[in-house]
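Structure, as structure tokens:
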Amino acid sequence: MAEYEACILGLRMAINMNIKELLVIGDSDLLVYQVQGEWTTKNVKILPYLHYLKELSRRFTKIEFKHSPRAQNEFADALATLSSIIQHPDKNYIDPIDIEIHDQHAYCFHVDEELDGRPWYYDIIRLIKAQKYPKNATSKQKRTLRRMANHFFLNGEILYRRTSNL
């Protein structure tokens, strides 16, 4: 959802700047392929973001979403490197940054409670702890759950998401 909100914010900024043609390069394959229509989602938390992003995209005469893997994202790395080595002649000078505060998120969808009363990560924890799948899970659902579980680890009773440096 954070990736969608960042993309939505970027599109809104481009719209406010009257940009008509835009190339969006992102390292989130999920976001890029969903916006392109190559992947679908049934996640009720992501669907509103996806719909809003597509609505914003219609405001451009030409917009293209391109996936760039994080490992091959030389452009972002180059910008980060440049920003760290460029020094302003007056070292005490800081370029002003305009910040707009909105009273609402780009899109917010609040789920009061899960349908079965369990948290979204219940099946992941159960798979990690006891190597058990949900009853009546198909082989595709089991494979997806295994793939998701690979991105998490348990420390006591707390579930943590693995980062690339672990």
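The values are calculated or read from the model by the stated rules, or taken from the named source; none is laboratory data. The shown structure was predicted, so the numbers you read here are calculated from the model rather than taken from an experiment. Here the Cβ positions follow ideal geometry from the backbone for every residue, glycine too, while neighbour counts run over all protein chains shown.
Hey, can you tell me all the residues within segment 138-158 that are in a strand (DSSP E or B) and closer than 12 Å to residue 127 by Cα?
Initial filter on segment 138-158 (in a strand (DSSP E or B)): 152-155, 158.
Passing the criteria: 152, 153, 154.
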Look at residue 23 and say whether it is over 13 Å from residue 53 (Cα atoms) and aliphatic (A, V, I, L, M).
yes
So for segment 49-63 (the condition being of a type outside the set (Lys, Arg), assigned to a helix (DSSP H, G or I) and closer than 21 Å to residue 148 by Cβ), does at least one residue qualify?
yes
State whether one or more residues within segment 30-50 are at pLDDT below 85 and of a type in the set (Gly, Ala, Ser).
no
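In segment 119-165, what residues are touching a strand residue (DSSP E or B) at 6+ places or on another chain (Cβ under 8 Å) and closer than 26 Å to residue 27 by Cβ? Before the answer, list the steps.
Taking segment 119-165 as the starting set, the residues that turn out to be touching a strand residue (DSSP E or B) at 6+ places or on another chain (Cβ under 8 Å) are 121, 124-125, 128-129, 151-154, 159-162.
Answer for segment 119-165, where residues must be touching a strand residue (DSSP E or B) at 6+ places or on another chain (Cβ under 8 Å) and closer than 26 Å to residue 27 by Cβ: 121, 124, 151, 152, 153, 159, 160, 161, 162.
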Matching residues in segment 124-166 - criterion: being under 23 Å from residue 70 (Cβ atoms), in contact with a Lys or Arg (Cβ under 9 Å, 6 or more places away or on another chain) and not aromatic (Phe, Trp, Tyr)
150, 151, 164
